[in-house]
Amino acid sequence: MGRPALTLPHGRHVALDKDGYLARLSDWDIEVAAALAHQEGMTLTPAHWDVINLVRQFYQEFGLSPATRALVKYTGQHLGAEKGKSLYLMTLFGGKPALTISRLAGLPRPANCF
Amino acid sequence: MKTLTFLARSGPYGSSKAKALLDMVLSAAVFEQKIQYIFLDDGVYQLLSDQDSAQLGAKNVSAALPALDLYGVDRIYLDTESLQARGLQSRQLLIPAQPCNSDEIRSLIADSDMVFSL
Amino acid sequence: MIISLVIHAAPGTSQGAQTALTFCQAALDAGHQIYRLFFYEDGVHNAHALAVWPQDERDLNAAWATLIRDHRLDAVVCVASALKRGVLNTDEAARYEKNAASLEPSFEISGLGQWVDACLHSDRVVSFGV
Amino acid sequence: MSTLHIVSKSPFRTDALQRCLSLVAPGDSIILIEDGVLAVNLSILGERISGTDVSCFALAGDLIARSLTTAGTEIQQADAASFVALVCEHRNSISYG
């Protein structure tokens with residue numbers, strides 16, 4: 001069995017681990033995020049990107065991958081109160097938004113992701 | 001809901017204790033417990049602003065403290081005697097913390113279901 | 001009473017793990033219920049299956065495993081602490097492509113959520129080896 | 001509504017005992033365990049508990065191993081069973097490292 005990889009435009013390959021997380025965080029870019037989303041049957045819209053960029057900003061600022069509660073509040077502060085709701089994030093990213101967004105945003109995989 | 005009190009008594013970087021206690025606080029916050037986070041003894045060093053751990057090859061453990069508010073942790077206390085004993089009373093702090101003394105810490109502890117100190 | 005323990009100390013380095021074990025046994029002897037043992041930070045070394053102790057010393061790793069099995073205790077090692085210290089079960093070893101598992105099977109790997117859960121469901125939570 | 005203060009480090013190595021003594025409240029108890037028992041003859045401890053309703057205990061096994069005794073002090077000896085009982089008798093506990 002070959003190593004899992006993400007195939008990107010122009011024949012570029014990015015290594016993933018068994019659970020579909022990036023093997024090297026430095027590989028992350030917007031193409032990678034789009035391809036990771038595509039794997040989950042998601043097409044990223046500007047609304048998705050606003051949140052993905054916000055999670056990267058959260059990580060830059062605090063050195064943490066946000067829990068849903070913190071992400072909801074942070075979203076409200078930066079993207080407006082009407083978006084600072086877990087329902088909004090779930091509509092965009094599905095059932096466990098904080099985990100999914102962190103993965104798409106190329107944050108370190110959480111140790112307790114099972 | 002339980003009242004959990006955390007005594008942050010260790011400075012950052014010299015050991016993993018500051019981070020270990022912070023991780024407990026953040027986990028308890030996710031479960032929406034009533035949290036009291038008290039910085040005292042060497043723990044007050046965690047609150048100094050302008051920490052830069054780049055030369056250590058270590059993460060800045062205090063960078064996460066400003067996120068506490070987003071986790072709903074808003075009962076944050078600072079033992080002013082510990083600050084004074086270390087000559088830090090005039091230093092700029094990373095996050096707002098309610099100044100307190102031993103008497104007040106005693107009553108915070110008396111109100112707690114569980115206390116964790118690192 | 002319902003009691004949980006948080007163990008921060010590695011066995012064989014400081015006395016904390018030994019004290020915790022003795023306390024746990026005494027609590028069971030007194031008829032209390034141990035809701036959970038939570039091994040955090042260096043405490044996860046207590047769950048190391050590959051530790052070999054000199055024959056004339058008390059094998060603390062084995063003593064925990066026996067106590068946990070005999071009393072069907074819920075013993076959890078913190079996943080973040082365990083991964084960093086090379087204490088992996090077979091699932092984690094496979095996940096991170098390591099060639100050996102090292103967790104004594106009477107322990108489970110899980111997150112700090114299990115510690116919070118222990119706080120919520122116990123009358124007392126006592127920390128050892130801080 | 002009282003606290004059990006668990007001190008496990010030598011008073012000469014950490015500020016565990018000092019912090020414990022600053023936070024101990026009437027009705028609380030202190031138990032010295034492990035290297036914490038090295039404080040057994042310290043006057044700051046004796047003075048703090050003397051004539052108060054703060055009880056102080058030391059784990060007997062830790063004392064005996066270190067050739068220490070509580071003779072001439074107000075500190076009571078505790079075994080593992082009484083340590084457990086102390087935990088149950090107090091609302092919460094603090095372990096000082």
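The values are calculated or read from the model by the stated rules, or taken from the named source; none is laboratory data. Treat the numbers as computed from the prediction; the structure is a model and nothing was measured. Cβ atoms come from the backbone with ideal geometry, glycine included; neighbour counts cover every protein chain shown. In case anyone asks, the SASA skips ligands and DNA or RNA and just uses the protein heavy atoms, side chains included. Shrake-Rupley method; radii C 1.70, N 1.55, O 1.52, S 1.80 Å.
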Given the residues B:LYS19, B:LYS59, which is the only one that is in a loop (DSSP other than H, G, I, E, B) and either closer than 30 Å to C:ALA82 by Cβ or under 10 Å from the mean Cα position of the chain (by Cα) (or both)? B:LYS59
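Residues checked against (1) within 14 Å of another protein chain (Cβ to nearest Cβ); (2) at pLDDT 90 or above:
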{"position": "A:HIS10", "(1), (2)": "no, no"}
{"position": "A:GLY20", "(1), (2)": "yes, no"}
{"position": "A:ASP27", "(1), (2)": "no, yes"}
{"position": "A:ALA81", "(1), (2)": "no, yes"}
{"position": "A:THR91", "(1), (2)": "no, yes"}
Test: B:PRO66 is within 23 Å of B:LYS34 (Cβ to Cβ), open to solvent by 60 Å² or more (accessible area, probe 1.4 Å) and touching a Leu at 6+ places or on another chain (Cβ under 7 Å): no
Can you find a residue in region A:69-79 that is aromatic (Phe, Trp, Tyr), open to solvent by 60 Å² or more (accessible area, probe 1.4 Å) and either closer than 30 Å to B:ASP52 by Cβ or in the same structural domain as A:VAL14 (by TED's automatic domain parsing) (or both)? no
Would you point out which residue out of D:LEU45, D:LEU38, D:LEU4 is open to solvent by less than 40 Å² (accessible area, probe 1.4 Å) and part of a helix (DSSP H, G or I)? D:LEU45
Out of C:GLY113, C:GLY43, sole residue that is without any contact (Cβ under 8 Å) to a residue 12 or more places away in the chain and either among the hydroxyl-bearing types (Ser, Thr, Tyr) or within 11 Å of another protein chain (Cβ to nearest Cβ) (or both): C:GLY113
Hey, could you check region D:74-89 for residues that are outside any helix (DSSP H, G or I) and either closer than 13 Å to C:HIS32 by Cβ or open to solvent by 40 Å² or more (accessible area, probe 1.4 Å) (or both) and say which is farthest from the other protein chains (Cβ to nearest Cβ)? D:GLU74
Of the residues in region B:70-118, those that are touching a residue at least 12 places away in the same chain (Cβ under 8 Å), within 14 Å of chain A (Cβ to nearest Cβ) and open to solvent by 50 Å² or more (accessible area, probe 1.4 Å) number 1
So, in region B:37-56, how many residues would count as being under 10 Å from the mean Cα position of the chain (by Cα) and more than 12 Å from every other protein chain (Cβ to nearest Cβ)? 6
Just one of C:LEU21, C:LEU73, C:LEU83, C:LEU60 is within 12 Å of another protein chain (Cβ to nearest Cβ) and open to solvent by less than 40 Å² (accessible area, probe 1.4 Å); which is it? C:LEU21
Identify, please: which residue in region D:53-71 is open to solvent by 70 Å² or more (accessible area, probe 1.4 Å) and either modelled with pLDDT under 95 or within 14 Å of the chain's Cα centre (by Cα) (or both) and is, among those, nearest to C:PHE23 (Cα to Cα)? D:THR69
